[in-house]
Each structure stands twice: as structure tokens, then as C-alpha cells.
Amino acid sequence: MSSDFPNLFDRLAGGSVDFVIVGDYAGVVYGVINVTQTLEICCDFAVANLLTLQGAIADLHPVHRMTPGRQPLELTPENAADFKNLYLDTDLGHLDCLSYIEGLGGFAQVKEVSIPIEVEGMALRVLTLDALIRAKEALHRPRDREALRQLKAIRKLRQEP
């Protein structure tokens, strides 16, 4: 499956989904050299925002990639409140929608430690460099070691005169 993250961002931002870019793609924003196959966002898991998200990607045939049978995404006002995370495959790539980020907290806390950026003319939000480092450190995953090394080097370069 190929990834078309700019188009996915365009759909989410254009659809007024309330989200923050987190994970490996946030690292790419800061200059981490890392190949990522998944777009990870932290978003407001309020029913209205999840239904907005579903509407923004409905024609991309989203399916739950972590469930048996890869069921289609079919959120309703009644069942949307049951979800804490959504791990989706879409026609444009993998999309992980998270309600909580280790080391940072829920969406409200994540949004507080994010900054606005512009990507291909789109207004988006991404974790600050320090927040991204905290989140990666909190996960203690071996696969994050190289990204953490690069993020800390980038932070050090930014602090030097």
C-alpha cells in the first residue's frame, strides 16, 4: 500500500477534523530522516469529531486494520463513544487516530503542546519538538531510539547560537 499523506492531511484539515500530528510523521516535520508507513494523529474523540473524521475519509474505504475481517469503519452517534483509538487502512495509507499519547496525556493536553504549521498550503498542528521527544521517551520502544537520537540532535542545534 502506498501512502499519500498530503492528500490525507488535506481531507482531514479540509473536513474540519480536530487533530494534532504525532508520531513518526511529526519527527519528519522536524527533519528526522525516517521512513514512515503510518500517519499517526491524536484527535478529539468526541462523537461529533469522530463522525466528522469518518465523513472526511469515507470515500477512501477505511477499514479497521487491527480487527479480524478488517471491518469497514461504520461509526454512528451510538457507537462512536466506545472507541479510544482507531487503527485504519485507507486507500491513501495507514491512519492511526489516537485519543491519548504516552508522556503527554489526552487530546486536550496534546493540543496544548502543539504548534501550528503549514504543509502544502494547509494549516495543521504538530507536537512541539520537546513534546515529541517526551512522547517518544515515554514509549520506550526500540524502534524509536534512532528517531530520539535525531530529535535530540535537532533540539541541540536549535539551541546553539
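The values are calculated or read from the model by the stated rules, or taken from the named source; none is laboratory data. This is a predicted model, so every value here is computed, not measured. Glycine also receives a Cβ, built like all others from the backbone with ideal geometry; neighbour counts cover every protein chain displayed.
Odds and ends about this structure:
- Pairs where the first residue, in the stretch 139-161, is among the hydrophobic types (A, V, I, L, M, F, W, C) and the second is modelled with pLDDT of 85 or more and not in a helix (DSSP H, G or I), C-beta under 7 Å, 6+ apart: LEU139/GLU102; ALA147/VAL32; LEU151/VAL32; ILE154/GLY31
- Going through (1) within 20 Å of VAL17 (Cβ to Cβ); (2) modelled with pLDDT of 95 or more; (3) of a type outside the set (Phe, Trp, Tyr) one by one, LEU129 falls short only on (1).
- Scanning the stretch 26-50 for residues that are in a helix (DSSP H, G or I), out of contact with any helix residue (DSSP H, G or I) (no Cβ under 6 Å at 6 or more places or on another chain) and in contact (Cβ under 8 Å) with a residue 24 or more places away in the chain gives VAL29, ASN49.
- Where SER2 falls short, out of the listed (1) at pLDDT 95 or above; (2) not in a helix (DSSP H, G or I): (1)
Matching residues to (1) out of contact with any Leu (no Cβ under 8 Å at 6 or more places or on another chain); (2) not basic (Lys, Arg):
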{"residue": "PRO77", "(1), (2)": "no, yes"}
{"residue": "GLU120", "(1), (2)": "yes, yes"}
{"residue": "ASP130", "(1), (2)": "yes, yes"}
{"residue": "ARG149", "(1), (2)": "yes, no"}
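- Test: residue in the stretch 90-102 that is touching a helix residue (DSSP H, G or I) at 6+ places or on another chain (Cβ under 7 Å), part of a loop (DSSP other than H, G, I, E, B) and not charged (D, E, K, R): yes
- Leading residue by the ranking (surrounded by the most Cβ atoms within 10 Å (Cβ to Cβ)) among those in the stretch 109-135 that are assigned to a helix (DSSP H, G or I) and in contact (Cβ under 8 Å) with a residue 24 or more places away in the chain: LEU132
- Residue check for PRO68: part of a loop (DSSP other than H, G, I, E, B), farther than 23 Å from ALA48 by Cα and without any contact (Cβ under 8 Å) to a residue 60 or more places away in the chain: yes
- Residue match in the stretch 76-84 (condition: under 23 Å from GLY106 (Cβ atoms), within 15 Å of the chain's Cα centre (by Cα) and surrounded by fewer than 16 Cβ atoms within 10 Å (Cβ to Cβ)): yes
- Residue within the stretch 18-34 that is touching a Ser or Thr at 6+ places or on another chain (Cβ under 8 Å), surrounded by fewer than 15 Cβ atoms within 10 Å (Cβ to Cβ), within 29 Å of ASP130 (Cβ to Cβ) and at pLDDT below 95 present: no
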